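Written below as structure tokens is the structure these notes are about.
The values are calculated or read from the model by the stated rules, or taken from the named source; none is laboratory data. Note that this is a predicted model, so its numbers are computed, not measured. So basically every Cβ, Gly included, is an ideal-geometry build from the backbone, and we count neighbours across all protein chains shown. SASA here: full protein model, heavy atoms, side chains in, ligands and nucleic acids out. Shrake-Rupley method; radii C 1.70, N 1.55, O 1.52, S 1.80 Å.
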Amino acid sequence: MSLEEWGELLPLSYQERAVAILSRWISPDELSAAELSQMVADAYTGFGHCEDAEAVAPVVHLEDSHYILELFHGP
């Protein structure tokens with residue numbers, strides 16, 4: 001993906017980014033856009049583990065300039 005294409009993902013939600021990235025490799029002949037979107041929505045349902053209900057893999061500040069991406073959350 002080009003730098004411009006990555007930049008276009010910034011305003012999207014985690015789920016929208018997942019669909020945009022996965023749709024580059026999954027043919028609409030194999031899985032329609034609607035089916036892919038539904039599968040991604042189903043996969044990320046139940047991640048309401050913090051104040052932001054849309055957060056799937058939150059970045060948490062540790063100290064100074066140290067942050068950690070929490071990948072252990074999920075339904």
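Structure data summary
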read-out	value
Residue list for region 1-19, restricted to those being open to solvent by less than 50 Å² (accessible area, probe 1.4 Å), closer than 23 Å to Thr45 by Cα and not in a loop (DSSP other than H, G, I, E, B)	Leu9, Gln15, Ala18, Val19
Conditions (1) open to solvent by less than 70 Å² (accessible area, probe 1.4 Å); (2) under 25 Å from Phe72 (Cα atoms); (3) not charged (D, E, K, R): number failed by Leu22	(1)
Residue match in region 22-30 (condition: at pLDDT below 90 and among the small types (Gly, Ala, Ser))	no
Near pairs, Cβ below 6 angstrom, 6+ apart or cross-chain, from region 49-71 (modelled with pLDDT under 80 and surrounded by 10 or more Cβ atoms within 10 Å (Cβ to Cβ)) to any residue that is not hydroxyl-bearing (Ser, Thr, Tyr) and not in a loop (DSSP other than H, G, I, E, B)	Ala57/Leu69
